[in-house]
Amino acid sequence: MTSTVTEAWRIAVIDAWVEDEWTFVVVYRSPYFDGPLALRSSTYDAHTNAFSSMSSPRLADAPDPVQFGRDVADFDIGEPLGTVRENLRVDGDGIHWWGSSAPPAR
């Protein structure tokens, strides 16, 4: 499926994996950044014991995983970094991580 909403069609996915039933990781290249980027996304927050989606910070049940994945593709990795660029964390492999979740331990 190709996005018609944002620049997601310009993203080159290098790798992606599922960590658990609520969390996935995407390592990618963006035309707006020189180097590999990664985002770890989860629909579940253990601190609040609640689920979330792009449209709602607090849900009683997990959001639809397909729609959540599309939302992350369109509205997170499919957009220029903006001020996120100032808070990137680089791991030992030279991957620039962003988002509120810590990079996974390898």
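So in the stretch 8-25, with the set limited to residues that are in a strand (DSSP E or B) and touching a residue at least 24 places away in the same chain (Cβ under 8 Å), which one is nearest to Trp97 (Cα to Cα)? Looking at residues that are in a strand (DSSP E or B) and touching a residue at least 24 places away in the same chain (Cβ under 8 Å), I get Val25.
Looking across the stretch 59-81 at every residue that is within 15 Å of Gly35 (Cα to Cα) and surrounded by 13 or more Cβ atoms within 10 Å (Cβ to Cβ), the one that is nearest to the chain's Cα centre (by Cα) is identified as Ile77.
Could you please let me know if Ser42 is modelled with pLDDT of 90 or more, within 22 Å of Ile95 (Cβ to Cβ) and of a type in the set (S, T, N, Q)?
Working: modelled with pLDDT of 90 or more: no; within 22 Å of Ile95 (Cβ to Cβ): yes; of a type in the set (S, T, N, Q): yes.
Criteria not met by Ser42.
Return yes when Val84 is surrounded by fewer than 16 Cβ atoms within 10 Å (Cβ to Cβ), in a helix (DSSP H, G or I) and not polar (S, T, N, Q) and no when it is not.
Working: surrounded by fewer than 16 Cβ atoms within 10 Å (Cβ to Cβ): no; in a helix (DSSP H, G or I): yes; not polar (S, T, N, Q): yes.
Judged against the criteria, Val84 is not a match.
Selection of the stretch 38-60 for residues being of a type in the set (A, V, I, L, M, F, W, C) and in contact with a Leu (Cβ under 8 Å, 6 or more places away or on another chain) yields Ala50, Phe51.
Within the stretch 46-58, if we keep just the residues that are in contact with a strand residue (DSSP E or B) (Cβ under 8 Å, 6 or more places away or on another chain) and surrounded by 13 or more Cβ atoms within 10 Å (Cβ to Cβ), the residue that is modelled with the lowest pLDDT turns out to be Ser53.
The values are calculated or read from the model by the stated rules, or taken from the named source; none is laboratory data. Every value quoted in this text rests on a predicted model; they were computed, and no experiment measured them. Backbone-built Cβ (ideal geometry, glycine too); neighbour counts: all protein chains shown.
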